[in-house]
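Single-structure report; data block below.
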Amino acid sequence: MTFPIPTTKGIQNALSLSDEPEFIDKGGFKAVYRVKFGAGNEVIKAVYVPPSGDEAQEEERSQLIARAEREIEALGSCESPVLVKLGSLTAKFCSIEGHDYLIYGEELLPGQSLVKWIGREPKPTYEELKGVFCALINLIKALAEKNYLHRDIKPANVMDTGLPDRPYVVLDLGIAFKMHGTELTRGGGPPGTLRYMAPELLKPDYKDMMDFRCDLYAAALTVYVVASGVHPFAPKTEEEYVTTYRIMFSRPRPLGELRPDLPPAFCSIIDRCIRKKPALRYSQLDLVEKELRELAK
């Protein structure tokens, strides 16, 4: 989807910055910039807010605002070190170059996303993979305690920071879901990245099936992909219906076949977490943590 992206000069003028920011990326209805505040740097996110209009336009406008506000609320309420933190710029509405945006700040993290791990040689080690998975379980548990689902865990949203106290940090809660709340979608299925969606999210009654096991599936699939260098359901760019079919019905190769150097017990945990039926995954996150701890014994 396309939307008007604010220029760096527009962001600079709207926020009265002394230095012009640097454009980093865009996605959905959001543009991301690196800005300098005082002696430090932060990330600024500008969420496009469509103009008012007919009923459909008003619905889209209200949903985008609500989604951004939900992300800010979730980031502020969850204190997990694995989750990116809000920055010093509190949320504010700005008019930039004739368009409206909701702008807020996040911390700027060092490092790179786990996308860089895919196909890497030498391949990610067991210690790295276990570290990533433990961090993701920590985050899923922290979000679940606040009744949130992340819904978009994937390699591109996990940062390998190199920080000793926060080696892996998850970004982007833009499509987080508040359990027992109202779904924010403009029609069709749930928002998210198809390649990392749990099979139950692709069913018509997905709203009745969402719980932490959706995030657990995505976390395990992330580890599977970065460990093996292969996506089990989308090994190459194909039509969405092909990927959807494979997610729903194809059985992935056991991770141990692709990475025989990894401990079989670890591979079994990952394989179990990406089973098609939620009931065949883990019923409690504590059970996953317990089995991961026992791997070291």
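Data table
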read-out: Of all residues in segment 4-13 being open to solvent by less than 30 Å² (accessible area, probe 1.4 Å) and touching a residue at least 12 places away in the same chain (Cβ under 8 Å), the one that is farthest from ALA46 (Cα to Cα); value: GLY10
read-out: Residue selected from segment 237-260 under the condition assigned to a loop (DSSP other than H, G, I, E, B) and basic (Lys, Arg), by the criterion farthest from GLY131 (Cα to Cα); value: ARG251
read-out: Residue that is surrounded by the most Cβ atoms within 10 Å (Cβ to Cβ) [pool: residues in segment 32-49 that are in contact with a Pro (Cβ under 9 Å, 6 or more places away or on another chain) and of a type outside the set (D, E, K, R)]; value: ALA46
read-out: Odd one out for GLY105, checked against (1) modelled with pLDDT of 90 or more; (2) outside any strand (DSSP E or B); (3) within 18 Å of ASN157 (Cα to Cα); (4) of a type outside the set (A, V, I, L, M); value: (2)
read-out: Residue satisfying all of: in segment 108-128; more than 18 Å from the chain's Cα centre (by Cα) and in a helix (DSSP H, G or I); farthest from GLY38 (Cα to Cα) among these; value: TYR126
read-out: Counted residues, segment 233-285 - those being closer than 21 Å to TYR126 by Cα and not polar (S, T, N, Q); value: 23
read-out: Condition met for SER80 (over 19 Å from PHE177 (Cα atoms) and assigned to a loop (DSSP other than H, G, I, E, B)); value: no
read-out: VAL242 at pLDDT below 95, over 19 Å from the mean Cα position of the chain (by Cα) and β-branched (Val, Ile, Thr); value: yes
read-out: Residue match in segment 251-265 (condition: under 21 Å from LEU143 (Cα atoms) and crowded, with 21+ Cβ neighbours inside 10 Å); value: no
read-out: Subset of segment 139-164 [assigned to a helix (DSSP H, G or I) and more than 14 Å from the chain's Cα centre (by Cα)]; value: LYS141, ALA142, ALA144, GLU145
read-out: Where a residue in segment 103-123 is among the β-branched types (Val, Ile, Thr) and its partner, wherever it lies, is open to solvent by 70 Å² or more (accessible area, probe 1.4 Å) and not in a helix (DSSP H, G or I), with Cβ under 8 Å and at least six apart; value: ILE103/LYS92; ILE103/PHE93
read-out: Qualifying positions in segment 83-102 - assigned to a loop (DSSP other than H, G, I, E, B), within 18 Å of ARG166 (Cβ to Cβ) and free of Cβ contacts under 8 Å to residues at least 60 places away in the same chain; value: LYS85, GLY87
read-out: Test: residue in segment 217-236 that is within 16 Å of PHE133 (Cβ to Cβ) and either acidic (Asp, Glu) or modelled with pLDDT under 95 (or both); value: no
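Conditions (1) crowded, with 17+ Cβ neighbours inside 10 Å; (2) farther than 29 Å from ASN147 by Cα, marked per residue:
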residue: LYS26; (1), (2): no, no
residue: LYS30; (1), (2): yes, no
residue: PRO51; (1), (2): no, yes
residue: GLU71; (1), (2): yes, no
residue: GLY87; (1), (2): yes, no
residue: LEU102; (1), (2): yes, no
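This table checks each residue for (1) at pLDDT below 90; (2) of a type outside the set (Phe, Trp, Tyr).
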| site | (1), (2) |
| --- | --- |
| THR7 | no, yes |
| ILE11 | no, yes |
| PRO21 | no, yes |
| PHE29 | yes, no |
| LYS36 | no, yes |
| GLY40 | yes, yes |
| VAL43 | no, yes |
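The values are calculated or read from the model by the stated rules, or taken from the named source; none is laboratory data. Computed from a prediction, not measured in an experiment: that's the story for all the values here. Virtual Cβ from ideal backbone geometry, glycine too; neighbours counted across all protein chains shown. For accessibility, only protein heavy atoms count, side chains too; no ligands or nucleic acids. Shrake-Rupley method; radii C 1.70, N 1.55, O 1.52, S 1.80 Å.
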